[in-house]
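Once you've had a glance at the structure underneath, I'll fire off some questions.
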There are 4 protein chains.
Amino acid sequence: MAATNKQWIVENKDKGFDGLVYKETSIPQVGENEVLVKLEAASLNYRDLIIPKGMYPFPTKFPVVPASDGAGEVIEVGSKVTDFKKGDKVATLFNQGHQFGSIDIPATQTGLGGVIDGTLREYGVFAEKGLVKAAKNLSAIENSTLTCAALTSWNALYGLKPLKPGEYVLVQGTGGVSLFGLQFAKAAGAIVIATTSSAQKAEKLKQLGADHVINYKEDENWGETAKKLTPDGAGVDHIIEVGGAGTLKQSFKAIKYEGVISVIGFLGGVDPKTQPSVVDTLGHICTVRGVYVGSKALMRDMIRAIEANDIHPVVDEKVFTLSEVREAYDFMWAQKHFGKLAIKIC
Amino acid sequence: MAATNKQWIVENKDKGFDGLVYKETSIPQVGENEVLVKLEAASLNYRDLIIPKGMYPFPTKFPVVPASDGAGEVIEVGSKVTDFKKGDKVATLFNQGHQFGSIDIPATQTGLGGVIDGTLREYGVFAEKGLVKAAKNLSAIENSTLTCAALTSWNALYGLKPLKPGEYVLVQGTGGVSLFGLQFAKAAGAIVIATTSSAQKAEKLKQLGADHVINYKEDENWGETAKKLTPDGAGVDHIIEVGGAGTLKQSFKAIKYEGVISVIGFLGGVDPKTQPSVVDTLGHICTVRGVYVGSKALMRDMIRAIEANDIHPVVDEKVFTLSEVREAYDFMWAQKHFGKLAIKIC
Amino acid sequence: MAATNKQWIVENKDKGFDGLVYKETSIPQVGENEVLVKLEAASLNYRDLIIPKGMYPFPTKFPVVPASDGAGEVIEVGSKVTDFKKGDKVATLFNQGHQFGSIDIPATQTGLGGVIDGTLREYGVFAEKGLVKAAKNLSAIENSTLTCAALTSWNALYGLKPLKPGEYVLVQGTGGVSLFGLQFAKAAGAIVIATTSSAQKAEKLKQLGADHVINYKEDENWGETAKKLTPDGAGVDHIIEVGGAGTLKQSFKAIKYEGVISVIGFLGGVDPKTQPSVVDTLGHICTVRGVYVGSKALMRDMIRAIEANDIHPVVDEKVFTLSEVREAYDFMWAQKHFGKLAIKIC
Amino acid sequence: MAATNKQWIVENKDKGFDGLVYKETSIPQVGENEVLVKLEAASLNYRDLIIPKGMYPFPTKFPVVPASDGAGEVIEVGSKVTDFKKGDKVATLFNQGHQFGSIDIPATQTGLGGVIDGTLREYGVFAEKGLVKAAKNLSAIENSTLTCAALTSWNALYGLKPLKPGEYVLVQGTGGVSLFGLQFAKAAGAIVIATTSSAQKAEKLKQLGADHVINYKEDENWGETAKKLTPDGAGVDHIIEVGGAGTLKQSFKAIKYEGVISVIGFLGGVDPKTQPSVVDTLGHICTVRGVYVGSKALMRDMIRAIEANDIHPVVDEKVFTLSEVREAYDFMWAQKHFGKLAIKIC
């Protein structure tokens, strides 16, 4: 084992990306129910970018090792660990305390890379309950993208009203959650309508299996267009809503009676006052659900589905090294990525 | 059988209650799959009041026999009817075409007393599929209150995320849906928090089984108060939201993570722009669902529960006769009622 | 429209296939809530073969037009029909009264081709509620195979504990229900283990998407073999059990804790006393469910999934005409078919 | 804290109750994720009796501290424990590794009092994940009865097809699981049919809320009798089947189409060959499920329901002390108890 442990730290929430510092520390000791993981890869989420900017609405502590998403190999297990052994490939759980069922208040205090030290380091000790077996069909880089975006998408589709084959799913744009939603829905026998702003991205969406792609720049009323694509114009069963300006208004036009709009994020710069009101759920006889990642129970189900269908996450060609994390943050903030942005650690 | 059939008609949506006309017609012929019902009682919903005022947001046709809620006895069945026979006691289904599962667009065109002639008449012919067996433990007047308010409440509690014993349910005020919600939740082993504006009504709510009653006039921040009443201050599992001014803001304060706020109505005079945005579902990690009455499948389940638990609807002491329907509309519009307002027909 | 209506009749349950008689009658009149269908194709089930042999354990009446499975075009609709119009392509529902939820006793008295006249005729009148829109992607012959075998399989996978992507499904042999189960499970992102007795059939199963095929003649202990194919040897989530001699013992070896064995048929000649006891469900911590076709609600879901995934039923190359029905019965009784055996009517 | 820790040990599975030995040991050290509990009460299950007799079909190790059921107070928590603190009242989880969802093979190796040291001792160290907060409305003795019988019953009613208000539940006899089933079902708004062999016990069952009691000695065909008690003679929705001689045959007569028979135990002396075959699930269109206690997720739900409905377990008047455990085993083996048999520890 290496004598040192290189890691990134977010010092506080006032400095933006300048608060990111690269340090060398020692390798942590493993507790009785803990697992020492040699991290092989990590990936970034929009949430990681806004934590050092002080814009993240959920709990944080500082300093913190950033990033929730990671994958690696078990190096050592505590004396009472039963679920893992040395050599196992693992991935991290976002809210380490969210084991099953609905999230509770204490579990929201266990966000990896927010409250608990995250994955942008060479070695990390994690609670046994905060890890899952990695997907056998994926590389470390691919496995490192499942923690946040993939699980959010899976929770949207399976956490409340499980997706059934033949249903219609609408995904917006080409962010991580949307692309996972597209892939999960296709593997599950659903029909997928995707929206995007460019012909080039449309092509990629089709390669990933999208049945219909709507260019929302050319078709401002894309919600109605989506609805017309469904049988009898009844509307879309599941919408994964990324929360951009104006998207919710279109989602309400597209949604089927009793369909579910899963709100998974704010892309920023949107005034909530301009958004549809919750009372609009009555006029449209639909459901709107706020989704905050998901439980270990859901993550296991998701990984089983990823293995069975050999789903490979979409990872940007540009992969950074651990020492280049600051550049990776800038790259992602500038929205230069397509799919997940990954960090190769070893 | 009587030679004549007295009935009320809403002539159009421009005259308000002056559009209500009392007429004598003949008794309709029964078709092969239809049932002739001698109506014994009907009850009114807020929706019935706003149809002649042109304020109802769902489909209507004019002239129409008003009111969705009714109960009576089968007088004659068509040659191909299998589910009912002469002498059966029956109640009406709100959306006559909504048999099971999610409502679809055609079924929203089948609202009784809106698109299809309703229950404020002595005799009515209904499609076999538009009736259910009445609850055996209830009088005709009591059975006549189940069609809209009771089924809406049942759908809120069982249509998406079925209520489990031990969960917390919050109901607002003393309208029909709220009182049914209270009774259903108590029968199902839940804890109920009710809100009201008067000590007198609070007493009635407690008699009906409410575990906690909050006077929302005395406690403007009743949402937080409700939350504190739940174990670990985790919040309420199910809220039946009547959509009054400011109530949604408090509901968001009261709701548990992954809890469900069922939006069942607009009490009027509320500007949607002042309501919480649907993106607030993310910050509160909760679900908001618009509920539009419910299916025949749900109504059968509900009646089985009503019988098993001998639940008796709360009906206002003041019961009107069929000839007094206009007075009943005025009485209800003035909000002089407590519980359901019933019309005794025969 | 033709002046005559050729049809088959099963005269009674004492004569075996000799009780099958081909007759000419008139075209039936359509009732108010009924639909006249020009049948284009039908298909046979094992159940159809044992009705004239008096071996069918569910209700029958004689004489009866045999066969539950059929597809055709709407020629005329009754005056009160709302779900269909002239020209619509339709398929038949097995238990005409089973609309949604659990089957009840009256609905078991509505089996098409058992109690109600079935599909081996040129023209038939059916209750509106006893039909569904045919799958748009299928031919009439293909659509005629969905009524019994396909719906049974769908019910097995979705009626109690809905199949999720990544789960393991085991299907036995190459009967209709098993092949549909294989196709549905693959479309839904599951892993399928199939059993068969020949290398040739194994090849076909793999072409249909089976991930693993076990030759049960070469591997008598195929239940354990199947279990070993699953992650951590935990076992199979769903087994569609056709009820042959010895198969249940192997299914109990293969099933996962909390897995579901759906018993869908008796292949005959099996002594129930030699079968596992129901108390074995405790030792294996599993569930055994008897499946009797399914509801209209499930059939609609199934057809939506068939369309979305462009699933084509496996139909035997040998297709008979309406006049050759007796030969078709003999052919099927001799087990010469692979997949569904179809009758082209027009 | 006391210097010594009195405890019972089952030395092996060959000596019957003579293998029970009472010993003094030291108080165990608490690990990082462990909790030291001062046990206040325990209760016995039939399973505990057959472990020293070598008749228990699930995993065991010897020597072992017997009994799965216990309740007490937290004395000390490990450094990384988050869910409990000193002074908390707790109860034990049966399969310590069964946290949520379906049980898996490793979790079946974690039975308290079978593989892991149980509750018949003054002090015990338990994994944090192997405990739950005790029900606030119950005494220590009452809380000590929830681990096995209560959770088994809750799992039967909520683990596969959640009980709904208005459904019919049948429980057999007056064993712990049956009495909990009766209490849970009544709290949830169901109708309960109970069977027993004496007028005296019938009286107690009625006091507990049973709507109907059938004396199975006087009415050998009690399954049909039960069926006739249900609406339209459709049958019972949920049966908690204790697995005595002949009971399953009657359960099959009583069960509704699509109803669930939960097999929860063997009362011994029954030849499986005389039991109904699993293929009978097809003829009765029903489901049979083997239930093996339940998960921590279910136990939390159950305790919430117990608190909300102030359910008090039925505990035999005769309560033994820790030093009298051997006498308690004899008392229970002789079937002298009614309800749960408890041991007061301190």
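Taking θ = phi - 60°, what integer Hz values does the Karplus form 6.51 cos²θ - 1.76 cosθ + 1.60 yield along the stretch A:280-295, in sequence order, with x for Gly and Pro?
With coefficients 6.51, -1.76 and 1.60, one gets 5, 5, 6, x, 9, 6, 9, 10, 10, 10, x, 10, 10, 6, x, 8 Hz.
Count of lysine pairs in the stretch D:26-121 with Cα atoms under 23 Å apart, counting only pairs 8 or more residues apart in sequence or on different chains? Kindly include the intermediate steps, with their values, before the conclusion.
Details: D:K38/D:K80; D:K38/D:K85; D:K38/D:K86; D:K38/D:K89; D:K53/D:K61; D:K80/D:K89.
Value for the stretch D:26-121: 6.
Based only on Cα atoms, what Rg/Rh ratio does the stretch C:1-105 have, Rh being taken as Kirkwood's radius?
Numbers: Rg = 15.3 Å, Rh = 15.5 Å.
When Rh is taken as the Kirkwood radius, the ratio is 0.99.
While we're on this one: Just to verify a number: what accessible area does B:Y56 come out at with the full protein assembly present, 1.4 Å probe, Å² rounded to tens?
Using a 1.4 Å probe on the heavy atoms, I get roughly 40 Å².
State the Cα centre-to-centre distance between the stretch B:211-290 and the stretch D:140-191 in whole Å.
32 Å
For D:G101, place a label point 7 Å out from Cα along the Cα→Cβ vector, do the same in each other copy, and report the separations in nm, one decimal, smallest first.
1.6, 2.7, 3.1
Now for a separate question. Show C:M55, A:M299 ordered by accessible area, largest first, where the area counts protein heavy atoms only and the probe is 1.4 Å. Mind dumping the intermediate values first?
Numbers: C:M55 105, A:M299 0 Å².
The residues order as C:M55, A:M299, largest area first.
Ok, one more. Rounded to the nearest 20 debye, what is the charge dipole size of chain D about its Cα centre when +1 sits on each Lys and Arg Cβ and -1 on each Asp and Glu Cβ?
Details: 38 positive and 39 negative charges, 34 e Å.
So the dipole magnitude of chain D works out to roughly 160 debye.
Work out the length of the dipole vector of the stretch A:151-290 about its Cα centre, built from +1 on the beta-carbon of each Lys and Arg and -1 on the beta-carbon of each Asp and Glu, and round it to the nearest 20 debye.
Working: 14 positive and 13 negative charges, 43 e Å.
Here the stretch A:151-290 has a charge dipole of around 200 debye.
Still on this model: Run the dipole for the protein assembly as shown about the Cα centre, Lys and Arg Cβ at +1, Asp and Glu Cβ at -1, nothing else charged, and hand back the magnitude in debye, nearest 20. Working shown, then result.
Working: 152 positive and 156 negative charges, 0 e Å.
For the protein assembly as shown, the charge dipole is close to 0 debye.
On to the next question. Can you pull the one-decimal nm distance between simple spin-label points at B:Q29 and C:Q29, each 7 Å off the Cα toward Cβ?
1.3 nm
May I pose another question? Label D:I105 and D:K336 with points 7 Å out from Cα along Cα→Cβ: what is the distance between them in nm?
4.4 nm
Where in the stretch B:29-95 are there trypsin sites (Lys or Arg not before Pro) that are in a DSSP coil and have at most 13 other Cβ atoms within 10 angstrom of their Cβ? All intermediate terms of the calculation are to be shown ahead of the outcome.
Values: sites: B:K38, B:R47, B:K53, B:K61, B:K80, B:K85, B:K86, B:K89; in loops: B:K53, B:K61, B:K80, B:K85, B:K86.
In loop regions of the stretch B:29-95 (DSSP not H, G, I, E or B), the sparsely surrounded trypsin sites (Lys or Arg not before Pro) are B:K61, B:K85, B:K86.
How far is the Cα center of the stretch A:5-51 from the Cα center of the stretch A:76-103, in Å?
What the calculation gives is 18 Å, centre to centre.
While we're on this one: Among C:Y292, C:A188, C:H312, which residue has its Cα furthest toward the positive end of the charge dipole of chain C, with +1 on Lys/Arg Cβ and -1 on Asp/Glu Cβ?
C:A188
Also, quick follow-up: Let me have the relative contact order for the stretch A:151-290, percent, based on Cα pairs under 8 Å that are six or more residues apart.
Working: 268 pairs, mean separation 27.3, N = 140.
Computed over the stretch A:151-290, the figure is 20 percent.
Rounded to the nearest 100 Å², what is the buried accessible area between A and D, both sides summed, probe 1.4 Å? Don't jump to the answer; show the numbers that get you there.
Details: alone 15040 and 15060 Å², together 29210 Å².
Buried: approximately 900 Å² between D and A.
Same structure, new question: In Å², and per residue, what accessible area does the stretch A:151-290 have when probed at 1.4 Å with the other protein chains present? Each step should come with its number before you reach the end.
Values: 4580 Å² over 140 residues.
On a per-residue basis, the stretch A:151-290 sits at 33 Å².
At 1.4 Å probe radius, can you tell me the per residue accessible area of the stretch B:1-76 in Å²?
Per residue, the stretch B:1-76 has an accessible area of 39 Å².
Enumerate by residue number the trypsin sites (Lys or Arg not before Pro) in the stretch D:205-239 meeting two conditions: DSSP loop (anything except H, G, I, E, B), and at most 15 other Cβ atoms within 10 Å of the site's Cβ.
Taking the stretch D:205-239 and a limit of 15 other Cβ atoms within 10 Å, the loop trypsin sites (Lys or Arg not before Pro) found are D:K217.
Counting only C-alpha contacts under 8 Å and six or more residues apart, can you give the relative contact order of chain A as a whole percent?
On the way: 813 pairs, mean separation 61.5, N = 346.
Once normalised by length, the contact order is 18 percent.
With a/c under 1.5 counting as rounded, go ahead and sort the protein assembly as shown into rounded, prolate or oblate using the C-alpha gyration tensor (a ≥ b ≥ c being the square roots of the eigenvalues; past the cut-off, prolate if a/b is larger than b/c, else oblate).
Values: a/c = 1.27, a/b = 1.21, b/c = 1.05.
Because its axes are fairly even, with a/c under 1.5, the protein assembly as shown counts as rounded.
Another question about this same structure. With heavy atoms of protein chains only and a 1.4 Å probe, what residues of the stretch C:19-56 have at least 10 Å² less accessible area in the full set of chains than alone?
For the stretch C:19-56, once contacts with the other chains are taken into account, C:G31, C:E32, C:N33, C:E34 lose 10 Å² or more.
Reported to two decimal places, what Rg/Rh ratio describes the stretch D:64-182 when computed on Cα atoms with Rh from the Kirkwood expression? Numbers along the way, then the final one.
Numbers: Rg = 15.2 Å, Rh = 15.4 Å.
Using Cα coordinates only, the ratio equals 0.99.
Restricting attention to the stretch B:248-332, which trypsin sites (Lys or Arg not before Pro) occupy a DSSP loop and are surrounded by at most 16 other Cβ atoms within 10 Å? Kindly include the intermediate steps, with their values, before the conclusion.
Values: sites: B:K249, B:K253, B:K256, B:K273, B:R289, B:K296, B:R300, B:R304, B:K318, B:R326; in loops: B:K318.
Those that pass, being in a loop and sparsely packed, are B:K318.
Among D:A140, D:T281, D:T108, which residue has its Cα furthest toward the positive end of the charge dipole of chain D, with +1 on Lys/Arg Cβ and -1 on Asp/Glu Cβ?
It is D:T281, whose Cα lies furthest towards the positive end.
From a point 7 Å beyond the Cα of B:I75 in the direction of its Cβ, which residues of the stretch B:39-60 have a backbone N at a distance under 20 Å?
Those under the cut-off are B:39-43.
Roughly speaking, to the nearest percent, how much of the stretch D:209-299's 1.4 Å accessible area is carbon and sulfur? The partial results should precede the final answer.
Values: 1630 of 3180 Å².
Carbon plus sulfur share of accessible area: 51 percent.
What distance in nm separates the two pseudo spin-label positions at D:D14 and C:K228, each 7 Å out from Cα along the beta-carbon direction?
The two pseudo-label positions are separated by 3.4 nm.
Sticking with this structure for a sec: Given the protein chains as shown and a 1.4 Å probe, how many square angstrom of B:T174 are accessible, to the nearest 10?
20 Å²
Please say if the stretch B:151-290 is rounded, prolate or oblate, where rounded means a/c under 1.5 for a ≥ b ≥ c the square roots of the C-alpha gyration tensor eigenvalues, and otherwise the choice is prolate for a/b larger than b/c and oblate otherwise?
Working: a/c = 1.30, a/b = 1.12, b/c = 1.16.
Rounded, because the longest to shortest axis ratio a/c is under 1.5.
Report, in deg cm²/dmol and to the nearest 500, the calculated mean residue ellipticity at 222 nm for chain D, where each DSSP H run with n ≥ 4 adds -39500 (n - 2.57) and the sum is divided by the residue count. Can you show the working numbers first?
On the way: 11 runs with 83 residues, N = 346.
Only helices count here, giving -6000 deg cm²/dmol.
Let me ask you something else. Placing the label point 7 Å from Cα along the Cα-to-Cβ direction, what are the distances from C:D219 to the equivalent spots in the other copies, shortest first, in nm to one decimal?
For C:D219, the inter-copy label distances come out at 4.7, 5.1, 6.4 nm.
Rounded if a/c is under 1.5, else prolate if a/b beats b/c, else oblate: with a ≥ b ≥ c from the C-alpha gyration tensor eigenvalues square-rooted, which is chain C?
Working: a/c = 1.86, a/b = 1.66, b/c = 1.12.
Since a/c reaches 1.5 and a/b is larger than b/c, the shape of chain C is classed as prolate.
The values are calculated or read from the model by the stated rules, or taken from the named source; none is laboratory data. Please read all numbers here as calculations on a predicted model, not as lab measurements. In this analysis, Cβ positions are derived from the backbone assuming ideal geometry, glycine residues included, and neighbour counts consider all displayed protein chains. All accessible areas refer to the heavy atoms of the entire protein, side chains included, with ligands and DNA or RNA removed. Shrake-Rupley method; radii C 1.70, N 1.55, O 1.52, S 1.80 Å.
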